[in-house]
Amino acid sequence: MSLSAQHWRAGVTKPRGSRLPPPVYDAYEWQWRGACVDADPHLFFHPEGERGPARLRRDTAAQAVCARCPVVEACRQHGLAVREPYGVWGGLTEGDRERAYRRSKDPAAEVASAG
């Protein structure tokens, strides 16, 4: 389990002595319940220059994690709403999101209705 996940599950909101404001858990708490919380982030974000079969294999493996995720819809909506430029979010690759943006003025609603 990641250190951040341990802190969240233990109720720690910010490091001691930090002058930073606490995280906005109300808006993003769904992220801590994701199937990816303990996964290697490199699975969801491609290295520079990755193309072809290697990228397809990595994206497919990331989408398999998303397929069993209890918060896949919230993640997908987030990725579309904030136009995440990189990575797999809610089972959608960068290319999937770009196609949704081009097809619709409201890509989050379009993907939700198609899902």
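Let a ≥ b ≥ c be the square roots of the eigenvalues of the Cα gyration tensor of region 39-92; is it rounded (a/c under 1.5), or, if not, prolate (a/b larger than b/c) or oblate? If you can, show how the numbers build up before the last one.
Details: a/c = 2.30, a/b = 1.42, b/c = 1.61.
Oblate, since a/c reaches 1.5 and b/c is not below a/b.
For residue 86, the shell of other residues with beta-carbons less than 14 Å away shows a net charge of -3, using +1 for Lys and Arg and -1 for Asp and Glu.
Qualifying GluC sites (Glu not before Pro) in region 23-82, where qualification requires a DSSP coil assignment and no more than 14 other C-beta atoms within 10 Å, comprise 48, 50.
All other residues with a Cβ under 12 Å from the Cβ of residue 45 taken together, and with Lys, Arg as +1 and Asp, Glu as -1, what is their net charge?
On the way: positive: 55, 58; negative: 40, 48, 50, 59, 84, 94.
Taking every other residue near residue 45 into account, the sum is -4.
Values quoted throughout were computed directly from the atomic coordinates according to the rules given, and no laboratory measurement underlies them. These figures come from a predicted structure and were not determined experimentally. Ideal geometry is used to build each Cβ from the backbone, glycine not excepted, and the neighbour counts take in all protein chains shown.
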